[in-house]
């Protein structure tokens, strides 16, 4: 697999509908090909990272290069990888604004005016900070909180199922002991079964 990051400028200003159409196309193209990544857009500039099998990523880049919506494409980095950084996103997206930039403490002096190909090409550390908060696990605090709650619920369900299973086992053992005790046939095998069940319940 490879990870490829590139910059481009919009060939002409995109309307919301045109931007949505581009994102829809990204999702449709990438999902079936196992390509993941993140697209940042703002100030007429695209900053995108793509991950996947080399042939598929390079084929997608070739397609992007001929897309009339993109201009001045500049591949910043291409590297071999063994694991993905954007596992949650068939193609994540964020519109870069002054507000979203203000949420990145280390980029307080970086304004939307600087989100352009000329500036970013010479500031690798800014690109890294822009992209790193989107990497797995989820960058969004609310999504992280929801994920944590989902995990807690999942763990509680598993624990409840385990407890129910133990209760069923205990009830079955007790019923068995009662039945054999009535007939005066309680032996060491039954006692060992009781001990085993008790150990599993502790």
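Every number in this text was worked out from the coordinates using simple rules, so none of it is lab data. The shown structure was predicted, so the numbers you read here are calculated from the model rather than taken from an experiment. Note that we place each Cβ from the backbone using ideal geometry, even for glycine, and neighbour counts take in every protein chain shown.
A few notes on this one:
- Full-stretch length increase - residue 77, residue 19 - with 0.36 nm per residue and alpha-carbon distance subtracted: 18.4 nm
- Per-selection metrics, region 1-74 (Cα): Rg and Dmax in Å: 11.7, 34
- In summary, the convex hull built on the alpha carbon positions of region 1-126 has an orientation-averaged projected area of 7.6 nm².
- This ranking places 96, 57 by how few other beta-carbon atoms lie within 10 Å of each, fewest first, which gives 96, 57.
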